[in-house]
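Read through the structure below, which is laid out as structure tokens, and then see the notes.
The values are calculated or read from the model by the stated rules, or taken from the named source; none is laboratory data. Owing to the predicted nature of the structure, the values given are computational and were not obtained by experimental measurement. Cβ coordinates were reconstructed from backbone atoms using ideal geometry, including for glycine residues, and neighbour counts include every protein chain displayed. These accessible areas exclude ligands, DNA and RNA; they are computed on the full protein's heavy atoms, side chains included. Shrake-Rupley method; radii C 1.70, N 1.55, O 1.52, S 1.80 Å.
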Amino acid sequence: MVTPLNLKELSKKELRFTAGHRLCAGCAAPTVVKMILLAACDYPVVVASSTGCLEVSSCISTYTAWKVPWIHSAFENAAATLSGVESMYKALKKQGKIDKEIKFIAICGDGGTYDIGLQSLSGAMERWHDMLYVCYNNEAYMNTGIQRSGATPTYADTTTCPAGSVIPGKPQPRKDLTKIMAAHGIPYVAQAAPSHWPDLMKKVRKALEIPGPKFMNIFTPCNRGWRTRTDDAILLSRLAVDTCFWPLYEVEKGVVRVTYKPKEKKPIEEFLKLQGRFRHLFEPGREQLISELQRMIDENWERLLKEEEIFASKEEEKEEVVK
Amino acid sequence: MTQIVAATGNEAVANALRQVEPDVCAAYPITPQTELMQRFSSFVSDGKVKTELILVESEHSALSACIGAAAAGGRVATATSSQGLALMWEMLYIASGFRLPIVMAVVNRALSSPINIHCDHSDAMGARDSGWIQLWSENAQEAYDNTIQAFRVAEHMDIRLPVMICYDGFIISHSIERIEYLDDDVVKNFVGEYKPLYPLLDVDNPKSYGPLILPDLYMEVRRAHAEVYKNVAKVVLEVAEEFKKTSGRSYGLFESYRLDDAEIGIVILNSAAGTTKDVIDEYRDKGVKIGLLKPRLFRPFPYEEIGKALKHLKAVCVFDRADAFGGSFGPLYLDIATSLYHYRKKPVLINKIYGLGGRDYMPEHAEAVIEELIKIAKTGRVRSYKEYIGVRE
Ligand SMILES: Cc1ncc(C[n+]2csc(CCOP(=O)(O)OP(=O)(O)O)c2C)c(N)n1
Ligand code: SF4
Ligand SMILES: [Mg+2]
């Protein structure tokens with residue numbers, strides 16, 4: 001029986017990522033992991049992680065927070081490692097040595113996904129391994145002390161692109177990895193955020209039901225690296241969505257669908273002002289930096305809506321033809 | 001019934017892999033290994049094996065995938081050379097740290113720069129401290145036999161470590177030789193059914209692979225790891241003994257050639273040992289008491305056994321097909337010197353660096369070194385402890 005995605009039923013399920021891990025108080029990563037594993041509660045799963053905050057804090061010496069089989073081998077290769085696990089599963093299933101329906105999930109940081117692990121991820125997706133690769137995206141290399149990554153947004157202050165008197169934080173735009181993954185032509189790609197948990201869990205569940213490679217990019221606030229209040233992870237996640245800084249959408253078989261449209265798009269300041277990493281943008285004389293960020297976000301959002309529209313009209317046309 | 005064929009080294013190892021039929025293989029092309037995995041891919045395409053082949057996007061991913069596959073709980077193999085092995089470096093240590101019985105053919109080739117596709121041993125020597133067992137092979141027959149034995153050694157419950165089978169690029173990988181193949185069912189029986197240990201795919205008994213271990217326990221873990229290597233030589237010999245019963249061919253930790261009554265000796269790895277043995281025979285005919293030692297199990301290095309085999313000699317030359325830049329001597333020399341250090345009476349030891357990047361090793365080279373050893377044995381005087389030979393000045 002399929003477990004319905006409601007609090008009543010989900011609260012009866014065992015948490016397969018337990019308390020006692022050593023992630024910071026208020027870190028959104030364990031919340032995201034629990035949501036993924038709860039959405040997958042009807043399946044046995046094997047999880048792979050890349051080196052990073054989640055990995056170093058969840059399995060130390062003889063303790064592990066993982067109640068599912070879990071493997072961490074290195075930083076840049078979770079996708080390749082998991083592709084090996086999945087291939088062995090296929091081999092043993094073919095030989096009749098395994099009969100269970102097991103799902104394979106990678107849960108990796110943005111550094112291990114956007115940057116050093118991009119080749120391994122791209123390869124695993126192109127080889128069509130049956131796995132869901134999730135990036136828990138906290139927008140920097142947190143484990144090594146908040147260095148910039150390809151996911152770090154423009155003008156964020158990190159330890160390797162510090163906001164100085166001349167350079168106001170990271171000068172470059174962040175990489176649009178979700179689109180890059182969609183361009184692989186894989187059957188399912190999505191962006192999600194823990195503030196919108198039913199959306200997140202529905203996407204995980206949908207992904208797990210589709211055979212082949214799937215990718216999800218999940219916004220994961222980090223109070224330590226973003227210099228925010230410890231208990232603001234979900235608020236920040238909601239603001240990221242409501243400002244369209246982090247749009248919630250999916251690309252299923254190439255068709256773009258925005259899964260949540262804020263009734264009223266909030267100005268980006270509301271997201272920025274709660275975070276130490278953007279504090280320098282509020283200094284006098286730097287107003288244009290915020291407007292520039294606003295322009296980038298607006299453009300991205302408009303483009304996304306247009307992409308959705310293209311497909312929406314095609315779908316309608318198809319219906320008409322059928323009629 | 002054994003089958004006698006004419007085949008290249010790569011063909012022979014591909015055939016061994018077909019006979020063993022690992023559950024998962026990962027492959028990425030690099031000369032001179034490429035042909036091996038191409039042949040294996042044909043076995044997959046033609047349905048001759050049920051192996052899941054992962055055609056990865058790099059060698060780093062090849063070994064990462066092998067690590068995932070082996071941890072998942074099945075038999076795993078791969079192959080590489082040179083830059084490919086160098087790119088795997090990080091993962092080599094993780095494969096051995098996880099105690100995963102992965103088998104990898106290393107078709108020895110020089111390392112860049114300058115780029116060069118021909119044989120030397122820099123690639124495998126660079127990996128010698130990574131915790132992999134290394135079995136070296138003089139010819140295609142040995143490469144084939146070592147491949148089959150490697151699975152038994154790697155998967156032995158007292159060991160569970162990855163194994164490299166090293167053989168010389170082009171010289172062995174691409175030359176046609178006479179080879180005796182065992183029957184398919186003989187090989188299948190010899191390697192036996194794979195026994196998983198803590199498989200990830202046992203979802204009812206979840207295991208975590210790859211923990212963080214800090215200074216409070218790291219040293220204990222590494223010490224326990226080091227202990228495992230003490231079991232390897234014994235298992236290698238047991239497996240060789242059993243292999244002899246099925247094949248008639250005998251293997252040890254090293255090959256000792258006309259060494260017992262010798263006064264001078266040569267230590268040399270892989271294909272060059274063949275040429276050297278021919279020259280040794282000529283000198284023996286002239287009454288010169290010379291022998292040869294060819295390491296087979298290079299990692300873990302059997303110090304005691306090799307020390308015992310060489311200590312009675314007056315002079316020994318160690319040939320290295322790799323240099324250790326900025327270090328003192330070639331890598332094989334260092335291990336041989338260590339094996340002999342504790343003996344009060346020991347041979348004079350010299351080191352020759354030869355055959356880099358596929359430079360031919362000729363009988364004349366062996367002859368010149370033997371003449372030099374004869375002189376050293378007679379006079380005790382050494383002209384040079386380390387030098388390059390077969391090099392244009
Ligand atoms: C090959 C390699 N390079 C660098 C590192 C150091 N390192 C470990 S974790 C990490 C950053 C992880 O960042 P991310 O993937 O974003 O995860 P986070 O810690 O932010 O959750 C780095 C740079 C490493 N372990 N391996
Ligand atoms: S540094 Fe950030 S990502 Fe890492 S554990 Fe702390 S809050 Fe979580
Ligand atoms: Mg990160």
Qualifying residue in the range A:25-46 (condition: aliphatic (A, V, I, L, M) and at the interface with chain B (Cβ under 7 Å from one of its Cβ atoms)): yes
(1) within 7 Å of another protein chain (Cβ to nearest Cβ); (2) not in a loop (DSSP other than H, G, I, E, B) all hold for A:I98 apart from (2)
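Residues in the range A:241-262: is at least one within 16 Å of ligand 3 (Cβ to nearest atom) and either at pLDDT 95 or above or surrounded by 18 or more Cβ atoms within 10 Å (Cβ to Cβ) (or both)?
As a first pass, look at the range A:241-262 and keep what is within 16 Å of ligand 3 (Cβ to nearest atom): A:246.
In the following step, the residues that additionally are either at pLDDT 95 or above or surrounded by 18 or more Cβ atoms within 10 Å (Cβ to Cβ) (or both) were identified as A:246.
Within the range A:241-262, one or more residues are within 16 Å of ligand 3 (Cβ to nearest atom) and either at pLDDT 95 or above or surrounded by 18 or more Cβ atoms within 10 Å (Cβ to Cβ) (or both).
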Would the range A:211-225 turn up any residue that is of a type in the set (D, E, K, R), in a helix (DSSP H, G or I) and either under 13 Å from the mean Cα position of the chain (by Cα) or closer than 21 Å to A:N143 by Cα (or both)? yes
Say whether the condition of being under 18 Å from A:S120 (Cα atoms), within 7 Å of another protein chain (Cβ to nearest Cβ) and in a strand (DSSP E or B) is met by at least one residue in the range B:65-84. no
The range A:122-147, residues that are surrounded by fewer than 24 Cβ atoms within 10 Å (Cβ to Cβ), of a type in the set (D, E, K, R) and in a loop (DSSP other than H, G, I, E, B): A:R127, A:D130
Looking at the range A:37-59 only, could you name the residues that are within 16 Å of ligand 2 (Cβ to nearest atom) and buried (at least 22 other Cβ atoms within 10 Å of the Cβ)? A:S49, A:S50, A:T51, A:G52, A:C53, A:L54, A:E55, A:S58, A:C59
Which of (1) within 8 Å of chain A (Cβ to nearest Cβ); (2) of a type in the set (S, T, Y); (3) over 23 Å from B:N189 (Cβ atoms) is the odd one out, the single condition B:S42 does not satisfy? (1)
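Can you tell me which residue among B:S58, B:S64, B:S81, B:S122 is surrounded by fewer than 23 Cβ atoms within 10 Å (Cβ to Cβ) and assigned by TED's automatic domain parsing to the domain that holds B:I30? Quick ask: steps written out before the conclusion?
Numbers: B:S64 fails: surrounded by fewer than 23 Cβ atoms within 10 Å (Cβ to Cβ); B:S81 fails: surrounded by fewer than 23 Cβ atoms within 10 Å (Cβ to Cβ); B:S122 fails: surrounded by fewer than 23 Cβ atoms within 10 Å (Cβ to Cβ).
None of the other options fit; the residue is B:S58.
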Look through A:S122, A:S58, A:S83, A:S87 and report the one residue that is within 16 Å of ligand 3 (Cβ to nearest atom), within 11 Å of another protein chain (Cβ to nearest Cβ) and among the hydroxyl-bearing types (S, T, Y). A:S58
Just to be sure I understand the filter: pairs with C-beta atoms under 6 Å, separated by 6 or more residues or on different chains, first member in the range B:203-228 and within 8 Å of another protein chain (Cβ to nearest Cβ), second member among the aromatic types (F, W, Y) and open to solvent by 50 Å² or more (accessible area, probe 1.4 Å). Which pairs pass? B:K207/B:Y198
Note on B:Y93: of the conditions (1) under 20 Å from B:D23 (Cα atoms); (2) hydroxyl-bearing (S, T, Y); (3) more than 8 Å from chain A (Cβ to nearest Cβ); (4) not in a strand (DSSP E or B), unmet is (1)
Looking at B:R75, B:R109, which is the one that is under 21 Å from the mean Cα position of the chain (by Cα) and within 23 Å of B:R152 (Cα to Cα)? B:R75
Yes/no for A:Q119 being within 14 Å of ligand 1 (Cβ to nearest atom), open to solvent by 10 Å² or more (accessible area, probe 1.4 Å), among the polar types (S, T, N, Q) and without any contact (Cβ under 8 Å) to a residue 40 or more places away in the chain: no
Out of the residues in the range B:160-190 meeting the condition of being hydroxyl-bearing (S, T, Y) and assigned to a strand (DSSP E or B), tell me which one is nearest to the chain's Cα centre (by Cα). B:Y167
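Which of the residues belonging to the range A:15-30 are near ligand 2 (Cβ under 10 Å from one of its atoms) and outside any loop (DSSP other than H, G, I, E, B)? Step through it out loud before you land on a result.
Start the filter on the range A:15-30 by keeping residues that are near ligand 2 (Cβ under 10 Å from one of its atoms), which leaves A:21-30.
Correct list: A:A29, A:P30.
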